[in-house]
Amino acid sequence: MNQRPVAHSQTRRVFATLAATLAFTALGALCALPSAAHADALDNIAKSGTVRIGVFEDYPPFGSIGPDMKPMGYDIDVANLIGKALNAKVELVQVTGDNRMAYLADHKADMLLSVGQTPEREKVIDFSQPYAPYYLAVFGPKSLPVKNAADLAGKSISVARGTLEDLSVTKIAPPGANIKRFDDPNGAISAFLSGQVQLMVVGNDVGATILARHPANDPEQKFSLFSSPDHVGLNRNEPRLKQKVDETIAKARQDGTMNAISQKWLRAPLPADL
């Protein structure tokens, strides 16, 4: 079982975003140039019978290595869903925040999962419709009635100091809310698990891990704050592949498959407004 700190995935996501942003300037020029030798990606996948999908393997519950030493998680299930729709074998390509955009540009991967859509990235790659929620949320015990920001009045809430979590909850907290700031995410989480505070604000990925590992605390998600859903990232000028991926996601959302994946790994239904 993965024994990394439960805050690792969220911290990793922040640093991956920063690293990827630094690479955009160089990659932008490369990705913008048309390549006469580059064949249509969908035809290449059909010809090879394999689709290469870039995934993180240290980002639970989206991707991690299970007790059987095989990749598992939300993104792994989505990758297999896409492979089935393309009638192709799935080759999971392990990526990092530093190398994944280069892997896509160099065609070492046909697509990437867990990509947040930003103006910088829109200049160099294309995005599918969203397939997974990523957001900050308030978590607390089921016995504590909290449904919205107003209910934070008189409650103690832990956050990591200076983070997006801190900024987001500070912005909406009513008078009387007691926001306790800690030096790092693990400190904020430990304060909640030990009962020093009543509530905490973390990403839904971290929250899902806590829900799975600490059932005795009986935690649940109360309400969400900042949202930045995950998309499939694809190379520019591949409209047929993008359309196929979009159709696969749309069908999975319509028939309930994507909601089942969300319930399985995030322990929450797929948001209606995703």
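The values are calculated or read from the model by the stated rules, or taken from the named source; none is laboratory data. Note that this is a predicted model, so its numbers are computed, not measured. With ideal geometry, Cβ positions are generated from the backbone for all residues, glycine too; neighbour counts draw on all protein chains shown.
Values for this structure:
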| read-out | value |
| --- | --- |
| Every residue from the stretch 63-104 that is in contact (Cβ under 8 Å) with a residue 60 or more places away in the chain and of a type in the set (A, V, I, L, M) | Ile65, Val78, Leu81, Ile82, Ala85, Leu86, Met101, Ala102, Leu104 |
| Qualifying residue in the stretch 142-158 (condition: in a strand (DSSP E or B), in contact with a Phe, Trp or Tyr (Cβ under 7 Å, 6 or more places away or on another chain), within 16 Å of Val201 (Cβ to Cβ) and assigned by TED's automatic domain parsing to the domain that holds Glu220) | yes |
| Some residue of the stretch 164-178 being buried (at least 16 other Cβ atoms within 10 Å of the Cβ), touching an Asp or Glu at 6+ places or on another chain (Cβ under 8 Å) and closer than 30 Å to Leu113 by Cα | no |
| Complete set of residues in the stretch 81-102 that are in a helix (DSSP H, G or I) and either touching a Cys at 6+ places or on another chain (Cβ under 6 Å) or buried (at least 18 other Cβ atoms within 10 Å of the Cβ) (or both) | Leu81, Ile82, Gly83, Arg100, Met101 |
| Val78 vs. criteria modelled with pLDDT under 95 and either closer than 20 Å to Arg240 by Cα or not in a strand (DSSP E or B) (or both) | no |
| Given (1) touching a Gly at 6+ places or on another chain (Cβ under 9 Å); (2) outside any strand (DSSP E or B), index of the condition His107 fails | (1) |
| Pick from the stretch 106-125, criterion surrounded by fewer than 21 Cβ atoms within 10 Å (Cβ to Cβ) and touching a strand residue (DSSP E or B) at 6+ places or on another chain (Cβ under 7 Å), ranking: modelled with the highest pLDDT | Lys108 |
| Close pairs from the stretch 108-123: first farther than 16 Å from Asn237 by Cβ, partner hydroxyl-bearing (Ser, Thr, Tyr) and in a strand (DSSP E or B), Cβ under 7 Å, at least 6 apart | Ser114/Tyr59 |
| Only one of Arg236, Arg213 that is out of contact with any Asp or Glu (no Cβ under 8 Å at 6 or more places or on another chain), farther than 19 Å from Leu144 by Cα and not β-branched (Val, Ile, Thr) | Arg213 |
| Qualifying positions in the stretch 131-141 - modelled with pLDDT of 95 or more and not in a strand (DSSP E or B) | Tyr131 |
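To keep it simple, each residue is scored yes or no on (1) modelled with pLDDT of 95 or more; (2) among the polar types (S, T, N, Q); (3) touching a His at 6+ places or on another chain (Cβ under 9 Å).
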residue	(1), (2), (3)
Leu18	no, no, no
Asp40	no, no, no
Ala46	yes, no, no
Val55	yes, no, no
Pro71	yes, no, no
Asn87	yes, yes, no
Asp98	no, no, no
